[in-house]
1. Which condition breaks for B:F89 when tested against (1) within 14 Å of chain A (Cβ to nearest Cβ); (2) at pLDDT below 95; (3) open to solvent by 20 Å² or more (accessible area, probe 1.4 Å)?
2. Please specify each residue of region A:16-44 satisfying the condition of being open to solvent by 50 Å² or more (accessible area, probe 1.4 Å), more than 16 Å from A:D73 (Cβ to Cβ) and of a type outside the set (K, R).
3. Out of the residues in region A:94-108 that are surrounded by fewer than 19 Cβ atoms within 10 Å (Cβ to Cβ) and more than 7 Å from every other protein chain (Cβ to nearest Cβ), state the one that is farthest from A:T71 (Cα to Cα).
4. Is one or more of the residues making up region B:37-49 more than 21 Å from A:G3 (Cα to Cα) and assigned to a loop (DSSP other than H, G, I, E, B)?
5. Go through (1) within 14 Å of the chain's Cα centre (by Cα); (2) surrounded by 13 or more Cβ atoms within 10 Å (Cβ to Cβ); (3) more than 18 Å from B:K93 (Cα to Cα) and name the single condition A:P8 misses.
6. Identify the single condition in (1) away from chain A (no Cβ under 14 Å); (2) open to solvent by 50 Å² or more (accessible area, probe 1.4 Å); (3) of a type in the set (V, I, T) that B:T104 does not satisfy, given that it satisfies every other one.
7. Across region A:73-93, what is the total count of residues that are farther than 16 Å from A:T51 by Cα and more than 14 Å from chain B (Cβ to nearest Cβ)?
Amino acid sequence: IAGITQAPTSQILAAGRRMTLRCTQDMRHNAMYWYRQDLGLGLRLIHYSNTAGTTGKGEVPDGYSVSRANTDDFPLTLASAVPSQTSVYFCASSVNRAQPQHFGDGTRLSIL
Amino acid sequence: GESVGLHLPTLSVQEGDNSIINCAYSNSASDYFIWYKQESGKGPQFIIDIRSNMDKRQGQRVTVLLNKTVKHLSLQIAATQPGDSAVYFCAEKDFGNEKLTFGTGTRLTIIP
């Protein structure tokens, strides 16, 4: 079944550790996105990529980095995790910026 | 500033009745609006979208209405079913911007 796969589904991490959240899509969508979802704050854009080889900063990029080496994969890295990065992280993709975004089922990340 | 909000944080509806979920937005430059459904432990699921040059769009059991004069968006769900219980988000986008701005969500509960 075509869609977006995120891994891991959940993770508990010690503060200061490095962590990479994985996202893979098999829909050949050009654009990919990373959001975090926090209670009362809704979904906020962290980073995006309009096409393979390009990335851009979203609303809350600090402490996160991304890469887009190919069309299918868009990993999100926390270089040195802090407790405020405890959240649910969603990856999304779309054909282009003018089409709806489709979401994975998220990674629940707790930083202790 | 830009904002997308919902009039009601919770809504309870009898099974079989119609539901109406409302959303206000403040960015008059928004070109595109989307409704998402999010079930517990899942990512947002695309329901229906509408572009700013339209007033109404219908899908299967769902209708989205856009009133640009008062910057109001609504989602109508006909003949609600228990599976419609979820949190519903509206989102808006200016095509000149990467950011998809989400509202904080309305929880819809279907009463059997």
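1. B:F89 satisfies all of (1) within 14 Å of chain A (Cβ to nearest Cβ); (2) at pLDDT below 95; (3) open to solvent by 20 Å² or more (accessible area, probe 1.4 Å) except (3).
2. Hits for region A:16-44 are A:L39, A:G40, A:L41.
3. If we take residues in region A:94-108 being surrounded by fewer than 19 Cβ atoms within 10 Å (Cβ to Cβ) and more than 7 Å from every other protein chain (Cβ to nearest Cβ), then A:R108 is farthest from A:T71 (Cα to Cα).
4. First, pick out the residues of region B:37-49 that are more than 21 Å from A:G3 (Cα to Cα): none.
Checking region B:37-49: not a single residue is more than 21 Å from A:G3 (Cα to Cα) and assigned to a loop (DSSP other than H, G, I, E, B).
5. Here A:P8 meets the rest and fails (2).
6. Evaluating B:T104 over (1) away from chain A (no Cβ under 14 Å); (2) open to solvent by 50 Å² or more (accessible area, probe 1.4 Å); (3) of a type in the set (V, I, T) leaves (1) as the failure.
7. Taking region A:73-93 as the starting set, the residues that turn out to be farther than 16 Å from A:T51 by Cα are A:77-90.
From the residues that got through so far, the ones that are more than 14 Å from chain B (Cβ to nearest Cβ) too are A:77-86.
The total comes to 10.
The values are calculated or read from the model by the stated rules, or taken from the named source; none is laboratory data. All values derive from a computational prediction rather than experimental measurement. Cβ sites come from the backbone with ideal geometry, for glycine too, and all protein chains shown count toward neighbours. The protein model used for the area step is the full one, side chains on, heavy atoms only, and it has no ligands, DNA or RNA in it. Shrake-Rupley method; radii C 1.70, N 1.55, O 1.52, S 1.80 Å.
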